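Data first, discussion second: the structure below is written as structure tokens.
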Amino acid sequence: MESGFLPKSVDPERAADQGLEFAGGLDPAPLGRLRELAVEHAGPISGGFVFRRDDEGRAMMVGFAEASLPLICQRCADPFLLEVRADWQRVFARSEADERELAEKGLDVCYHSGPLDVAELIEEELILALPMAPRHPEGCEPVERPAAGAHPFAGLAELLKRETRDNRN
């Protein structure tokens, strides 16, 4: 795999014809959706792709991305650095029928024409690789919850009673 170079965009058909491979770093600054999830600036992002043809002659891409993302722990509410790795394999369908057939086989399919935006692809795959509720990997103490007797919506019952009473009058 070539080192240090990720293109801005790549045409999967042409890249598969040529058997191209790319690997390198990516500036996290323009990745807005990933930046919104992070507490502060993300660390370096690296990734790579290998393009080839499958047995049916369709373009395929095997890729990976790695990043250190500063997130908020959903257990203790403190920031922490999460090492994220995304691995994927994608087949580029030639038609909608081809896409349905491949999806039924359980393959990750993309019906796409034209060049792929590499930064957008890496950002999307890293977001998909994030856990639903990020937590410190080594464990932590949970944030203290209100006492069991205190009900956060207790005041609503009184408001509902008052509204019902006012509507009867």
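Just so you know, all these numbers are worked out from the coordinates, no wet-lab data involved. These numbers were taken from a predicted model, which means no experiment stands behind them. Methodologically, a virtual Cβ is constructed for each residue, glycine included, from the backbone with ideal geometry; neighbour enumeration extends over all protein chains shown.
Using the 10 angstrom Cβ neighbour count as an exposure proxy, how do Ser46, Ser68 rank, fewest first?
Fewest-to-most Cβ neighbours within 10 Å comes out as Ser68, Ser46.
Give me the percent of Cα-Cα pairs in region 1-135 that sit more than 20 Å apart, rounded to a whole number.
49
Within region 73-169, report the chymotrypsin sites (Phe, Trp or Tyr not before Pro) that DSSP leaves as loop and that have at most 14 other Cβ atoms within 10 Å.
Phe153
Arrange Ile122, Ile127 by Cβ neighbour counts within 10 Å, fewest through most, would you?
Ile127, Ile122
With label points built 7 Å along Cα→Cβ from the Cα atoms of Val143 and Leu156, find their separation and express it in nm.
So the two model labels end up 1.9 nm from each other.
What do you get for trypsin sites (Lys or Arg not before Pro) in region 54-134 restricted to DSSP loop and a cutoff of at most 11 other Cβ within 10 Å of the site's Cβ? Intermediate results must be reported in sequence, preceding the final value.
Values: sites: Arg58, Arg75, Arg85, Arg90, Arg94, Arg100, Lys105; in loops: Arg58, Arg75, Arg94, Lys105.
Counting only loop positions with at most 11 other Cβ atoms within 10 Å, the trypsin sites (Lys or Arg not before Pro) in region 54-134 are Lys105.
Under the definition of Cα pairs under 8 Å and six or more residues apart, what whole-number percent is the relative contact order of region 5-109?
So the answer I get is 21 percent.
Longest segment of the chain with no GluC sites (Glu not before Pro) in a DSSP loop having at most 14 other Cβ atoms within 10 Å?
The reported range is 57-137.
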